[in-house]
Number of protein chains: 2
Amino acid sequence: MDLEMKKNLASNWFKILQDSICHSIQKLEKSNAIFQSKSWKRNHKKDEGGGEFRILKNGKVFDKVGVNFSKVYGKFPQKFKKNIPGTQKDPSFWASGISVVMHLKNPLIPAMHFNTRYISTTRDWFGGGMDVTPSRIDRTEEKEFHNTLKKMCNRHDKNYYKIYKKWCDQYFYLPHRKEPRGIGGIFFDYKKGNFDKNFKFVRDVGITFEFIFNKIIKKKIKKKWSMKDKEAQYIKRGRYTEFNLLYDRGTKFGLQTGGNTEGILMSLPPTAKW
Amino acid sequence: MDLEMKKNLASNWFKILQDSICHSIQKLEKSNAIFQSKSWKRNHKKDEGGGEFRILKNGKVFDKVGVNFSKVYGKFPQKFKKNIPGTQKDPSFWASGISVVMHLKNPLIPAMHFNTRYISTTRDWFGGGMDVTPSRIDRTEEKEFHNTLKKMCNRHDKNYYKIYKKWCDQYFYLPHRKEPRGIGGIFFDYKKGNFDKNFKFVRDVGITFEFIFNKIIKKKIKKKWSMKDKEAQYIKRGRYTEFNLLYDRGTKFGLQTGGNTEGILMSLPPTAKW
């Protein structure tokens with residue numbers, strides 16, 4: 001299969017998934033709160049791609065949820081490219097992806113994050129993952145979440161879960177606080193080689209995320225919570241903000257490659273406390 | 001004067017100033033909210049200094065204010081030292097400073113920040129400054145603030161104000177939003193040479209900060225505000241958080257040199273919104 005075909009398949013899938021996830025969320029939300037959509041271009045002088053981000057705020061179920069699609073291309077700036085495989089001789093890149101961050105009104109429901117992407121330089125690869133950040137411990141939920149991920153991974157490769165879970169734990173960690181961001185999940189990157197196999201896996205990650213957030217939210221949507229729970233959630237959201245602004249590679253990548261600031265910082269919680 | 005003497009003079013001054021500023025704040029606060037003090041050490045195995053931070057939260061006048069003193073020493077980690085003058089051949093350093101960040105309850109009163117420090121490697125220098133971040137425009141306040149700073153600078157050197165104001169504007173800027181953090185102030189660093197002259201200036205910066213925050217707060221302490229003003233303040237505090245976590249050198253310096261996380265992130269607002 002030629003590279004153009006692969007790029008089209010990947011970015012079309014991310015676009016379809018954005019629609020599907022937004023539809024699921026809107027069904028859960030039920031209230032009058034609806035997604036606001038905004039399309040943006042990376043460069044207004046020449047075509048370097050862009051994207052569409054959709055945000056739903058102040059719902060009955062969701063405090064804030066963003067579903068971001070992008071397809072961007074051009075050349076990496078000098079100082080950024082040393083971290084990207086395959087850009088030593090040619091700084092050109094093409095990248096498409098989808099990312100989702102949801103902050104729920106009910107503080108007993110964890111914040112959830114998901115992302116998948118396909119990147120092409122002189123090489124090409126998939127990356128992505130999902131992770132969950134509760135502000136209150138729930139061992140049953142944690143076990144079910146990891147079990148679902150493990151089963152999904154095992155459908156593709158018996159080695160995936162263990163490696164990608166560990167990668168996730170290492171990535172979503174706040175060294176200055178010596179604490180993990182949440183209860184982990186899976187994280188993978190630089191996934192080269194068999195496009196068909198990898199693309200199948202990436203699609204399954206997206207579909208599984210949709211299954212997982214539906215299940216977690218429906219189970220707890222009517223659970224009573226207290227202001228003490230809400231305060232704990234605000235503090236946890238402060239930690240979430242620290243991680244995203246101090247360490248997150250996607251945030252740095254976006255801000256340094258001229259991405260849309262509003263879209264990139266969509267992941268920040270509606271309210272955080274310290 | 002020998003170096004040890006200079007270090008003692010500088011750090012003793014920062015310590016005295018911490019007391020004085022806390023006393024001023026406590027007088028403004030009036031309510032039962034009092035400073036909580038916490039002393040910390042950089043290393044529990046060997047002596048590498050430490051500090052004392054004081055925080056007052058949930059007052060009637062102050063939502064949150066932190067007054068941080070530190071005196072730390074040791075060796076810079078490899079990856080950090082390339083940015084610090086005089087550490088090429090010897091990574092040893094000694095640093096002492098005071099920093100203050102205040103977030104007011106009344107959203108018509110700006111957030112205010114001040115810091116002065118004395119650093120010694122194979123060279124030694126002062127740095128510091130202050131800046132003000134309103135969430136509502138107030139041209140009179142802005143003019144008075146800059147006038148006070150200009151007069152103070154002029155007492156020491158007719159060239160200071162222009163240079164340090166510009167440096168401040170360049171430093172407290174959010175490139176991803178193409179907007180300044182606030183209305184600026186003064187910022188200076190690597191101030192070498194005549195210790196007596198520089199130390200005199202640094203003391204004046206501290207005393208002037210005390211004068212300025214007293215004046216600004218007293219003038220507006222009883223001004224009526226609306227929830228709309230408060231919401232604007234929360235959004236501005238989100239920007240403040242972005243700056244501190246994405247760009248602030250002091251935050252990076254602290255987190256990477258094993259400073260006390262609670263003390264370093266003391267500058268973050270009590271509540272921020274996006």
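Residues in the range A:242-255 that are in contact (Cβ under 8 Å) with a residue 60 or more places away in the chain and either facing chain B (nearest Cβ under 9 Å) or of a type in the set (V, I, T) (or both): A:E242, A:L246.
Residue by residue, here is whether (1) touching a helix residue (DSSP H, G or I) at 6+ places or on another chain (Cβ under 6 Å); (2) more than 14 Å from chain B (Cβ to nearest Cβ); (3) farther than 23 Å from B:L255 by Cβ; (4) without any contact (Cβ under 8 Å) to a residue 12 or more places away in the chain holds:
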{"site": "A:K162", "(1), (2), (3), (4)": "no, yes, yes, yes"}
{"site": "A:Y171", "(1), (2), (3), (4)": "no, yes, no, no"}
{"site": "A:G185", "(1), (2), (3), (4)": "yes, yes, yes, no"}
{"site": "A:K191", "(1), (2), (3), (4)": "yes, yes, yes, no"}
{"site": "A:F195", "(1), (2), (3), (4)": "yes, yes, yes, no"}
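Give the residue that is farthest from the other protein chains (Cβ to nearest Cβ), with candidates limited to residues of the range B:173-183 that are at negative phi and assigned to a loop (DSSP other than H, G, I, E, B). Only one residue fits best here, namely B:I183. Every condition in (1) within 9 Å of another protein chain (Cβ to nearest Cβ); (2) in contact (Cβ under 8 Å) with a residue 12 or more places away in the chain; (3) under 16 Å from A:G66 (Cα atoms) holds for A:T261 except the one numbered (2). Scanning the range B:133-160 for residues that are polar (S, T, N, Q) and open to solvent by less than 90 Å² (accessible area, probe 1.4 Å) gives B:T133, B:S135, B:T140, B:N147, B:T148, B:N154. Condition check for A:D19 on (1) assigned to a helix (DSSP H, G or I); (2) open to solvent by 90 Å² or more (accessible area, probe 1.4 Å); (3) acidic (D, E): one failure, at (2).
Just so you know, in the range B:65-77 the residues that are within 14 Å of another protein chain (Cβ to nearest Cβ) and in contact (Cβ under 8 Å) with a residue 60 or more places away in the chain include one that is least open to solvent (accessible area, probe 1.4 Å), and it is B:G66. Considering the range B:191-262, the qualifying helices (runs of 4 or more DSSP H), each wholly inside and each with 2 or more residues that are surrounded by fewer than 21 Cβ atoms within 10 Å (Cβ to Cβ), under 16 Å from the mean Cα position of the chain (by Cα) and at pLDDT below 95, run over B:249-256. Filtering the range B:47-57 to residues that are without any contact (Cβ under 8 Å) to a residue 60 or more places away in the chain and under 27 Å from B:K27 (Cβ atoms) leaves B:E52, B:R54, B:L56. Only one entry in A:F53, A:F14, A:F62, A:F80 is of a type in the set (F, W, Y), open to solvent by less than 10 Å² (accessible area, probe 1.4 Å) and at pLDDT below 95, namely A:F53. Among the criteria (1) in contact with a Pro (Cβ under 9 Å, 6 or more places away or on another chain); (2) at pLDDT below 95, the one A:D169 does not fulfil is (2). The set of residues in the range A:83-111 that are at pLDDT below 95, open to solvent by less than 10 Å² (accessible area, probe 1.4 Å) and farther than 21 Å from A:M5 by Cβ contains only A:T87. The residues of the range B:35-50 that are of a type in the set (K, R) and open to solvent by less than 70 Å² (accessible area, probe 1.4 Å) amount to a single one, B:R42.
The values are calculated or read from the model by the stated rules, or taken from the named source; none is laboratory data. What you see is a predicted model; the values in this text were computed from it and never measured. So basically every Cβ, Gly included, is an ideal-geometry build from the backbone, and we count neighbours across all protein chains shown. Each accessible area value is taken on the protein alone, full model and side chains, heavy atoms only, with ligands, DNA and RNA left out. Shrake-Rupley method; radii C 1.70, N 1.55, O 1.52, S 1.80 Å.
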